[in-house]
1. If R0 is 22 Å, what FRET efficiency do you get for S122 and K92 from their C-beta distance, rounded to 0.05?
2. Nothing charged except the Cβ atoms of Lys and Arg (+1) and of Asp and Glu (-1): what's the magnitude of the dipole of the stretch 1-113 about its Cα centre? Round to the nearest 20 debye.
3. Full-extension gain between R140 and S294, please, as 0.36 nm times their residue separation minus the C-alpha to C-alpha distance.
4. About its Cα centre, how strong a charge dipole does the chain have in debye, to the nearest 20, once Lys and Arg get +1 and Asp and Glu get -1 at the Cβ?
5. Please list 3J(HN,Hα) in residue order for the stretch 364-378, calculated via the Karplus relation 6.51 cos²θ - 1.76 cosθ + 1.60 where θ = phi - 60°; whole Hz, with x for glycine and proline.
6. Among the listed pairs K92/K370; K92/K128; K3/K111; K188/K334; K293/K317, give every one whose C-alpha distance is greater than 26 Å.
7. If you plug each phi of the stretch 262-270 into the Karplus form 6.51 cos²θ - 1.76 cosθ + 1.60 with θ = phi - 60°, what whole-Hz ³J(HN,Hα) values come out, in order, with x for Gly and Pro?
8. In terms of modelled amide H atoms, which long-range or inter-chain residues lie less than 5 Å from the amide H of A282?
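Any read-out appearing in this document is the output of simple, stated calculations on the displayed coordinates, not a laboratory observation. None of the values given here were measured: they were computed from a predicted structure. Quick reminder, even Gly has a Cβ in these numbers, built from the backbone with ideal geometry, and neighbours come from all protein chains shown.
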Amino acid sequence: MNKPKIRFKGFEGEWKERKIGDALSINSGRDYKHLEEGDIPVYGTGGYMLSVNERISDCDAIGIGRKGTIDKPQYLRAPFWTVDTLFFLIAKVGIDLDFAYNLSQVIGWRKYDESTGVPSLSKNNIEKIPISLPSLLEQRALASYFTSLDAQIAASTSRLSSLKQIKAASLLNMFPQKGEMVPRVRFKGFQGEWDSPSIEEVFEVRNGYTPSKSVESYWIRGTIPWFRMEDIRASGGFLEDSIQHITPKAVKNNGLFEKDSIIMATTATIGVHAQLIADSLANQQFTNFSIRKSLREGIIAKYVYYAFFGIDEWAIKNTNSGGLLSVNMPLLLKQPFFVPSLPEQRAIASYFTTLDAQITLHRERLEKLKQIKAACLEKMFA
């Protein structure tokens, strides 16, 4: 049966089988390097020219890559110019372009790849691709639904981006910068210079390591978290459990990295850190920073986590040359670690914790909306 699995109330009957060439006019992009810069956007470019002063179309269209990226259609708002790596599809009578745009997202374009190397499509091949079309009324109902869903996705994306920008600006302005003893932005009621002991004065510093993979007793039925960069990518900046585990036999005499300490990548992928939520270990890519016991009553662990974003930035800019990329550790240990009063630490930690919660909420909402759209595209097209 040529019907979608989910349908709006009031619509019935089978969708009509057509080919893309029956519903859409297919045009090719052109060379644009001879054109002068202007206000009309160029689609399909790698950034050679952002806009031109001539138009290739006065009609809205759908852009399909003819080489390389052939499976990511984009909506082209007139007027525009497209380069010769892009086809643009204009709706004929009887098809709604917004509907066609969403339909283009469920077509398996790579099935029609004609190359043996870089994926590519031809106009003749595109014209022959089979599609199914409902009535124009049902097309418009579907288009309206997905337009609304796309608007929610765009709004959620924008809000998430704004929150990330706020966090980045706050991390820059709410901690003292080089040569400064106070932050540029401060909560009301706090004043005076921050303390600035060196990192090595504040933290006990240890290197991570990888227990021998050839010793089965180090790994089989392990229960101790052993963190790698993959764990941060999967779980974010607060690590409670890991993908891989080790046994107590694998732990060296210095013992585990303590709960609430920081691990920071100091080789290879530099400029990433996380806070440990459980006693654990990490591989040799990481250095562990644990607050010295004599200072723990005066430094809040969550404050340390947010302060380390500035240390990440310093580490990225101060690496050793030659061989494996690594942080200049002797110099890092001499850098100041700024410490305000306990109440100000709590205020800073609380602010960023709340901000992170909002970022997580909007990230999850955005992911949910994308999942809803993907599921609807699958079930609402025949």
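1. So, using R0 = 22 Å, E works out to roughly 0.65.
2. So the dipole magnitude of the stretch 1-113 works out to roughly 640 debye.
3. Once the chain is fully extended between R140 and S294, it gains 48.6 nm.
4. 640 debye
5. The phi angles translate into 5, 5, 4, 4, 5, 4, 5, 5, 4, 4, 4, 5, 5, 4, 5 Hz.
6. K92/K370; K188/K334; K293/K317
7. 10, 10, 10, 6, 10, 9, 6, 7, 8
8. Correct list: Y209, F227.
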